[in-house]
Amino acid sequence: MEPLELYEHSLTAPLDALVDPSVQVLPAVLDDWDVPAADLAAYRRWGLPVIAPSRFQPSFTGTVEDEDRVYHRLATLSGADVLTSSSGAVEGFSTLPTATVPRFWVNGSGALLVDTAWRWYGVNAALRAIPFEEATFDRLDRFFALVRENDPTVDEKSLWHGLVEGW
């Protein structure tokens, strides 16, 4: 698939058509996780992609306790853990002691994280395969607009906005 075709495909295709088994990480065990059933189903069915340029590395291992809440680790990302709790919301917690933003928003649910991560995987790969040009900003903005449309909890302080802006 040509890069711009991959870009369009990544924005519009059903999730089953986006999963690349070569970068897919599926959880080993989620039986003891207290998270919404729809999120568990998404993790089990599609998993999460390894996204090298963003250093997004799925793990589905370990827990973090904070503010009397237990969080389950979904992935690591450049000095941060991507975590979920019983609410299903997905947040990032910095692992750097000098972080200026110790916590950041990712997605309103695990199912939305799975969808967004796979779309970002394709968009990122497509845009890196073509020369950087003015239209690249428009394509990144279009991706972020889709993320916000699918998940209204995402804003300019979220992981996805940070990845788009830092691209």
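The values are calculated or read from the model by the stated rules, or taken from the named source; none is laboratory data. In this text the structure is predicted, and so the values were computed from the model without any measurement. Reconstructed Cβ throughout: ideal geometry from the backbone, glycine too, with neighbour counts over all protein chains shown. These area figures cover heavy atoms from the full protein model, side chains too; ligands, DNA and RNA do not enter into them. Shrake-Rupley method; radii C 1.70, N 1.55, O 1.52, S 1.80 Å.
Phe60 accessible area, nearest 10 Å², 1.4 Å probe?
Taking all protein chains as shown, Phe60 has close to 10 Å².
If you stretched the chain out fully between Ala129 and Val64, how much longer would it get, using 0.36 nm times the residue separation minus the C-alpha to C-alpha distance? Spell out each step's value before the answer.
Numbers: separation 65, 0.36 × 65 = 23.40 nm, distance 3.69 nm.
Roughly 19.7 nm would be gained on extension.
If packing is taken as the mean number of other Cβ atoms within 10 Å per residue, what is the order of 108-117, 3-12, 158-167, 71-80, highest first?
Numbers: 108-117: 23.0, 3-12: 16.4, 158-167: 18.5, 71-80: 20.4.
Averaged packing, sorted descending, gives the order 108-117, 71-80, 158-167, 3-12.
Output the 0 to 90 degree angle, nearest 10, between the alpha-carbon long axis of helix 134-150 and the longest principal axis computed from the alpha carbons of the chain.
The angle comes out near 40 degrees.
How high is the relative contact order of the chain, in percent, counting Cα pairs under 8 Å that sit 6 or more residues apart?
Relative contact order, the chain: 21 percent.
Which residues does a label at Ser87 reach in the stretch 56-76, if reach means a backbone N under 19 Å from a point 7 Å past the Cα toward the Cβ?
Hits in the stretch 56-76 for Ser87 at 19 Å: 63-75.
So the label point goes 7 Å from the Cα of Gln24 along Cα→C-beta, right? Which residues of the stretch 122-140 then have their backbone N under 16 Å from it?
122
What ranking do 133-140, 148-155, 81-88 get when scored by the average of other Cβ atoms within 10 Å per residue, highest first? It would help to have the intermediate numbers written out before the result.
Numbers: 133-140: 12.5, 148-155: 14.5, 81-88: 19.6.
Ranked from most to least packed, the peptides come out as 81-88, 148-155, 133-140.
When the chain is fully extended, how far beyond the present Cα-Cα distance does Glu2 get from Asp31, taking 0.36 nm per residue of separation?
In short, 6.4 nm is gained.
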